[in-house]
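To start, the structure under review is shown below, and the notes come after it.
The values are calculated or read from the model by the stated rules, or taken from the named source; none is laboratory data. Here the structure is a predicted model, which means the values were calculated and not measured. Neighbour counts run over all protein chains shown; Cβ positions are idealised from the backbone, glycine included.
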Amino acid sequence: MILNIHGHKIKITRQLHDTIEDHVKKIKHYFDHIITANVTVARQKNTVTAEATVIMGHHHFHNKLSSDNKFKSVELLFDKIEDQVRRYKDYITSHKSGGVRELVSDLLDAEEKIKVTVLDEVIEKKPMSDLEAVLELAGSRSVFSGYYLNPASEHASFLEKTSAGCNLYVFDGHWEKRSIVLDKRKNILNTDTVENLHIVKDSLESSVDFLILEKNPFRIFESVRTGKICLLYRKNKTSFGLIREI
């Protein structure tokens with residue numbers, strides 16, 4: 001176990017250090033991995049903020065909580081992180097092979113908890129051109145899809161079906177959103193507009209919460225646990241689809 005504790009405008013006393021260490025040891029029991037925990041406790045006017053990132057292999061668990069007391073902030077923080085770790089362990093098997101996952105959305109600060117299902121789809125490394133992908137999506141009932149231009153591609157590309165055509169989310173040195181239209185007569189794709197796209201780093205749980213609260217139809221994010229790009233979309237109130245890179 002590697003534990004790094006930093007204080008900003010606050011002294012890390014032996015009691016506070018031991019409290020944090022006890023919480024990290026408790027989390028370590030969930031896995032056999034050697035874990036690294038980076039914890040910062042900072043005073044800001046009348047509040048104390050505790051922030052931590054716990055790293056287990058390729059998986060990162062991060063949270064930040066504030067209160068009027070340093071020990072209370074640490075307790076609240078690790079309650080959240082332990083809950084994230086516990087939920088992740090509950091469905092870790094489905095991460096390996098895809099399938100249907102069940103998790104509980106905390107709805108961020110809301111008291112109500114909602115049980116949701118996520119249909120997990122891993123993108124195959126079968127090469128496909130943009131035109132082939134657009135035609136395949138157009139002939140299906142799906143609204144979203146993902147594909148690789150070739151097996152050596154750094155990232156997958158993602159498609160969203162729209163009333164005018166498709167939105168293509170593609171990595172070309174940086175992430176872009178391209179509005180494309182299919183010319184059925186010539187069987188070619190025409191690009192209408194191009195916008196730069198900012199990809200956020202987030203967990204699946206937080207992204208589900210984001211879609212529920214913001215009422216957005218989908219979200220593209222980089223998994224903090226795997227570093228892979230994922231597209232999470234809403235199927236109905238409690239059901240979501242997840243398309244992710246292999």
- Query: Within segment 130-154, how many residues turn out to be farther than 21 Å from Leu119 by Cα and within 23 Å of the chain's Cα centre (by Cα)?
  - Reply: 2
- Query: Within segment 123-173, which residues are farther than 23 Å from Lys184 by Cβ and buried (at least 20 other Cβ atoms within 10 Å of the Cβ)?
  - Reply: Ile123, Gly146, Tyr148, Ala156
- Message: Just to confirm my filter: which helices (runs of 4 or more DSSP H) fall fully inside segment 1-118 and include at least 3 residues that are under 22 Å from the mean Cα position of the chain (by Cα) and modelled with pLDDT under 80?
- Response: 70-90, 92-97
- Query: Does segment 183-204 hold any residues that are over 22 Å from Leu231 (Cα atoms) and surrounded by fewer than 17 Cβ atoms within 10 Å (Cβ to Cβ), and which are they?
  - Reply: Asp183, Lys184, Arg185, Lys186, Asn187, Ile188, Asn190, Asp192
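Run down Ile27, Ile55, Ile20 and say which single residue is in the same structural domain as Asp68 (by TED's automatic domain parsing), under 14 Å from Phe78 (Cα atoms), free of Cβ contacts under 8 Å to residues at least 24 places away in the same chain and among the hydrophobic types (A, V, I, L, M, F, W, C).
Ile55
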